[in-house]
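A quick write-up on the structure given underneath.
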Amino acid sequence: MKRVLIFSGTTEGRELAGALAREGIPCEVSVATAYGESVMEPCGGIAVRVGRLDGEQMEALLLQGDFFAVVDATHPYAVEVSENIRRSAERAGIPCLRLARVMEAPETYERVRYVPGHEECAGILAQTAGNILLATGAKNLAVYAVDGLRERLFVRVLPGTESIAACEELGIRGKQIIAMQGPFSEELDLALIRQFRISVLVTKESGSAGGFPEKLRAAERAGIAVLVIENPDRTGGQRQEEVKKELLRLWRETEGEARIAIVGIGMGNPGLLTAEAREEVADAQILFGARRMLDAIPYGRDAGKKPAERCEAYRPEELLSGIRSAVSRGLSRIALLFSGDTGFYSGAQQAAEALRRACREGSLRADIRIYAGISSVSYLAARTGRSWQDARIMSVHGRSAQEKGEPFSEVAAAVRAEGKVFLLLSCAEELRALGEALVRAGLEQARVTAGLALSYPDERILELTPGECMEREEKGLCACFIECPKQAAPRFAGALSAGMPDGAFLRGRVPMTKEEVRMVALGKLRLSGEVVFYDVGSGSGSVAAEAARLCGEHAVYAIEKREKALALMRQNLARLGAGQVHVVEGEAPECLAGLPAPTHAFVGGSGGRLGEIVRRLFAENERVRVVITAVSLETVAELRELLREPFAGDAEVIQLQVSRAAAAGEYHLMRAENPVWLVTLGGGNVWQQES
């Protein structure tokens, strides 16, 4: 496989080699010394060649090696070496790219003087007094190691034997040698200047990678003079991203495509592989997947075939890195293994998109194909003689605890609404959580058909009640059908308007928005379109439950900070089949961070922070429609301030006074409830918009 040859010895060269290796492009890095090899970080896909090469040796290397491009990443002051690289590449007919070092504009420090070369610099130093910090390396040391200067020098060189030997040959004593690898911080440069009582600093115009700005700032703080050897490389070159982009283009032109098969392997039994999936797996040179899947697939097509390599990786970033490494080693037939079917709650889609994106960006050249597998839903349906076209398909597999929300409450709500649900679980232990959710929702009559270790030798299929689910102790993967008899339908399901009676809710000592107020408030909200509904200060959850019934599959968030109210709300939502409501624990407006922007919001409790909450709602969506209730004069005062805000628009303010008849002996007397203010803000005129 063709490689790129990088003549390095600089930070930029090392960084470029690492970046190319991560893209799957193999590199050979040529460095002059063993020290240059030692600072190269070990990385797959990078080979290091040590030794100085003259022009003829470079040309011979390029003609003998299998290189598709050459990169000159040598130091800007290595002018002769750069010229040899350029000429050698030209004679070998190989593209040559120059990696430029980022250079800053000349510093304005008044005691900085730029000189064209080392001889001129040494002549100027001879006219000065005091100690000299020579930070130009060992290559040109002989120019300065002369009588009158040698005794005043403190030389900073690389910590390699070659550099130290050069110092000793020129009479530079041990205490004058500072052998360290840079770049250095401003504070360290300043400490060295003070430690050795330096009067003049000599440095190269070496850019950020060489610590040039830090040297000048340290010298300025110490108040010493600086002599700067000007950068002789004025030809420019390209920055790292430009060089990498060009190398990727040349690489694509040079190399053929890898063939990547994304394979659904079914439940895990290799007998469930489709014929074409089996062919792809058998022909693969390397397999990627979770350990369970790699262990399930037999080695090779036949005894004479070399077993495929196996790499435990399944996240997109892991797969990309592994595939690039495999390609760089000449492995072009690759298979990625995913459980079940590639289109059914599978990581295959994410992996495919990541690979396609890498191809579009030019960092991968591959033919990507996806092969279907047998899904758990079709397998369990077949094993139990059921159909699944009439089931609601749901999954908690691979979802975080936060995404799952209340334990399986969404599943219980779906069972109540649909009557038949297929559920994919992360593990059998979750059967207990499922049983608890069904019992809480009053769905004790539901039947759960659970498949454990499907397709494996220890496969079991169990028929369970919700109560029995709560007692299971099995481990491992699980999928199940949940079916609910008709008579278990929810008491208040199917209503087309708000108006659940107050008696439907558990009350405790938690305030609740009363039935008539809920009906008017939800009417004023005019729920329509793609709804994202907030119930802020949800209390008993009465408004959230009503909204959930009206919004169907749309998002409803119940926001509450009090522990007692949260416990009561969860009971009400479970009892009334409103498990799709997302309960948000915390104080508004801070806890609203990270939620989708609201389209509608009801604020029934604000804890004295009404203004902050409403302003946050409009900051998230300037067209949100908000209904606020108030029963205290203090809240009414806060409302008065909000009516002056620009977002208030054509605000509507009403007051409700509800009275209910109560028997008093033979008579019925009206008993008044507290008056309630309702203020509607924002959202525009829905009816005008639709007409």
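The values are calculated or read from the model by the stated rules, or taken from the named source; none is laboratory data. Predicted, not measured: the structure shown is a model, and the values here were computed from it. Quick reminder, even Gly has a Cβ in these numbers, built from the backbone with ideal geometry, and neighbours come from all protein chains shown.
Run down A92, A191 and say which single residue is without any contact (Cβ under 8 Å) to a residue 40 or more places away in the chain, under 46 Å from the mean Cα position of the chain (by Cα) and in the same structural domain as L62 (by TED's automatic domain parsing).
The unique qualifying residue is A92.
Which members of the stretch 285-307 meet the condition of being at pLDDT below 90 and within 26 Å of C27 (Cβ to Cβ)?
If the condition is that a residue be at pLDDT below 90 and within 26 Å of C27 (Cβ to Cβ), then Q285 is the only one that fits.
Quick check: is even one residue across the stretch 536-559 surrounded by fewer than 18 Cβ atoms within 10 Å (Cβ to Cβ) and more than 18 Å from E410 (Cα to Cα)?
No, the stretch 536-559 contains no residue that is surrounded by fewer than 18 Cβ atoms within 10 Å (Cβ to Cβ) and more than 18 Å from E410 (Cα to Cα).
Would you point out which residue out of E276, E280 is surrounded by 20 or more Cβ atoms within 10 Å (Cβ to Cβ) and either in a strand (DSSP E or B) or touching a residue at least 40 places away in the same chain (Cβ under 8 Å) (or both)?
E280
Residue check: is A129 aliphatic (A, V, I, L, M), surrounded by fewer than 14 Cβ atoms within 10 Å (Cβ to Cβ) and out of contact with any Phe, Trp or Tyr (no Cβ under 9 Å at 6 or more places or on another chain)?
yes
For R150, indicate whether it is touching a helix residue (DSSP H, G or I) at 6+ places or on another chain (Cβ under 6 Å) and more than 21 Å from T10 (Cα to Cα).
Here the answer is no, as R150 does not meet what is asked.
Sort out which residues of the stretch 556-606 are of a type in the set (G, A, S) and closer than 16 Å to E620 by Cα, and write them in order of number.
Answer for the stretch 556-606, where residues must be of a type in the set (G, A, S) and closer than 16 Å to E620 by Cα: A588, A593, G594, A597, A601.
If you scan the stretch 39-67, which residues turn out to be part of a loop (DSSP other than H, G, I, E, B), more than 20 Å from I25 (Cα to Cα) and small (G, A, S)?
Scanning the stretch 39-67 gives a single hit, G51.
Scan the stretch 348-370 for residues that are in contact with a helix residue (DSSP H, G or I) (Cβ under 9 Å, 6 or more places away or on another chain), free of Cβ contacts under 8 Å to residues at least 60 places away in the same chain and of a type in the set (A, V, I, L, M, F, W, C) and jot them down.
If the condition is that a residue be in contact with a helix residue (DSSP H, G or I) (Cβ under 9 Å, 6 or more places away or on another chain), free of Cβ contacts under 8 Å to residues at least 60 places away in the same chain and of a type in the set (A, V, I, L, M, F, W, C), then A354, A358 are the ones that fit.
I want to confirm something. Restricting to the stretch 3-46 and keeping residues that are touching a Pro at 6+ places or on another chain (Cβ under 9 Å) and hydrophobic (A, V, I, L, M, F, W, C), which single residue is surrounded by the most Cβ atoms within 10 Å (Cβ to Cβ)?
Among residues in the stretch 3-46 that are touching a Pro at 6+ places or on another chain (Cβ under 9 Å) and hydrophobic (A, V, I, L, M, F, W, C), the one surrounded by the most Cβ atoms within 10 Å (Cβ to Cβ) is L20.
Listed here are the residues, each with its yes/no results for (1) in contact with a Pro (Cβ under 6 Å, 6 or more places away or on another chain); (2) in a helix (DSSP H, G or I); (3) of a type in the set (V, I, T).
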position	(1), (2), (3)
R91	no, yes, no
R101	yes, no, no
E110	no, no, no
G123	no, yes, no
Q127	no, no, no
L134	no, no, no
C167	no, yes, no
G171	no, no, no
E187	no, yes, no
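Among the residues that make up the stretch 182-194, is at least one of them of a type in the set (K, R) and touching a helix residue (DSSP H, G or I) at 6+ places or on another chain (Cβ under 9 Å)?
Yes, that holds for at least one residue.
Kindly list the number of the only condition in (1) crowded, with 21+ Cβ neighbours inside 10 Å; (2) more than 15 Å from S328 (Cβ to Cβ); (3) within 41 Å of the chain's Cα centre (by Cα) that fails for M58.
(3)
Answer yes or no: is there a residue in the stretch 146-157 that is part of a loop (DSSP other than H, G, I, E, B), under 16 Å from V202 (Cβ atoms) and not β-branched (V, I, T).
So far as the stretch 146-157 goes, yes, one or more of its residues are part of a loop (DSSP other than H, G, I, E, B), under 16 Å from V202 (Cβ atoms) and not β-branched (V, I, T).
Got at least one residue in the stretch 667-687 being in the same structural domain as D535 (by TED's automatic domain parsing), crowded, with 17+ Cβ neighbours inside 10 Å, part of a loop (DSSP other than H, G, I, E, B) and within 41 Å of the chain's Cα centre (by Cα)?
Yes, because at least one residue in the stretch 667-687 is in the same structural domain as D535 (by TED's automatic domain parsing), crowded, with 17+ Cβ neighbours inside 10 Å, part of a loop (DSSP other than H, G, I, E, B) and within 41 Å of the chain's Cα centre (by Cα).
Filtering the stretch 63-89 down to residues that are over 20 Å from R239 (Cα atoms) and under 41 Å from the mean Cα position of the chain (by Cα), which residue is modelled with the highest pLDDT?
Within the stretch 63-89, the match that is modelled with the highest pLDDT is F67.
Would you point out the residue of the stretch 90-111, among those that are modelled with pLDDT under 70 and β-branched (V, I, T), that is surrounded by the fewest Cβ atoms within 10 Å (Cβ to Cβ)?
The extreme case among them is T108.
What is the residue count in the stretch 1-46 for residues that are more than 14 Å from V71 (Cβ to Cβ), without any contact (Cβ under 8 Å) to a residue 40 or more places away in the chain and within 32 Å of the chain's Cα centre (by Cα)?
Of the residues in that region, 4 qualify.
Which residues, counting only those in the stretch 635-661, are in contact (Cβ under 8 Å) with a residue 24 or more places away in the chain and closer than 20 Å to N674 by Cβ?
Matches in the stretch 635-661: T635, V636, E638, L639, V653, I654, L656, V658.
If you take the residues of the stretch 340-388 that are of a type in the set (S, T, N, Q) and in a helix (DSSP H, G or I), which of them is surrounded by the most Cβ atoms within 10 Å (Cβ to Cβ)?
S376
Select, from A218, A191, the only residue that is within 22 Å of C121 (Cα to Cα) and either outside any strand (DSSP E or B) or among the basic types (K, R) (or both).
On inspection, the qualifying residue turns out to be A218.
Residues of the stretch 584-602 being modelled with pLDDT of 90 or more and under 24 Å from V411 (Cβ atoms), which ones?
If the condition is that a residue be modelled with pLDDT of 90 or more and under 24 Å from V411 (Cβ atoms), then V584, E585, L595, P596 are the ones that fit.
Restricting attention to the stretch 323-356, and to residues there that are more than 16 Å from G44 (Cβ to Cβ) and hydroxyl-bearing (S, T, Y), which single residue is farthest from the chain's Cα centre (by Cα)?
S332
Cβ-Cβ below 7 Å, separation at least six or inter-chain, first residue in the stretch 155-177 and assigned by TED's automatic domain parsing to the domain that holds Y144, second loosely packed, with under 15 Cβ neighbours inside 10 Å and among the hydrophobic types (A, V, I, L, M, F, W, C): which pairs?
Going by the 7 Å Cβ cut-off, the qualifying pairs are R156/M180; P159/M180; G160/A34; L170/A142.
Which of the residues spanning the stretch 458-484 are closer than 26 Å to D341 by Cβ, acidic (D, E) and under 37 Å from the mean Cα position of the chain (by Cα)?
Result: E459, E474.
Quick check on the stretch 9-26. Is at least one of its residues among the aliphatic types (A, V, I, L, M) and part of a strand (DSSP E or B)?
Looking for residues that are among the aliphatic types (A, V, I, L, M) and part of a strand (DSSP E or B), one finds none in the stretch 9-26, hence no.
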